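Q: Sharing a structure here in structure tokens format.
Throughout, read-outs are computed from the coordinates displayed, never taken from laboratory work. In this text, all values refer to a predicted model and were calculated from it rather than measured experimentally. Positions of Cβ are generated from backbone atoms using ideal geometry, with glycine treated the same way; all protein chains shown enter the neighbour counts.
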Amino acid sequence: GILQYSRIGQVDVVYEEIDLNVLLIDIIQIIAPPAHIKVEIPVNLPTILADKVRLFQVLQNLFDNAIKYNDKVEGLIQLSVDETEDEWWVGVQDNGIGIDEKHQHKVFQLFHTLTAKDVYNSTGVGLSLIEKSVKNWGGTISLKSKLGEGCLFIFTLPKTRKPINE
């Protein structure tokens, strides 16, 4: 995770047309959600211009977290995609343990975890990596959550690709 984090902004960004339908199928196959967790992905997702490697990492990390931090008998992860004239909005929502409002400002800090590292096997790098990737491509990321009710992470991707470090 640290190696990935340190390379963001140093490795050339390669933008390409990405069919989100195909990308999400690949991600779901890799993360292999347990049987008790249902994943809902809209049909007919758009094709967008993005850095495939970083977008894959961001979505995979968000889905992994949604699985890892889900304490429900029937877990649910929902993906949503919307657009404005200038950007794409991507949301990953779950019904897991949630994050207390008083700790939400800390979730993107490097090496910071809100639970015992040995309980959830967490390094505290994943959300920092996500935030750095999103900011590097000129997007934003936000969190909405209530303790015990799950999380909604929303990130944006500008439709005109120009990384922040150019």
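Q: In nm, what is the difference between 0.36 nm times the number of residues separating Ile154 and Trp89 and their Cα-Cα distance?
A: Full-extension gain reported as 22.7 nm.
Q: Determine, for each peptide in 14-24, 59-69, the mean count of other beta carbons within 10 angstrom over its residues, then list the peptides with the highest first.
A: By packing density, highest mean first, the sequence is 59-69, 14-24.
Q: Right, another one. In the range 64-81, whose amide N lies under 17 Å from the spot 7 Å out along Cα-to-Cβ of Leu143? List them in ranges.
A: Flagged as within label range: 64-71.
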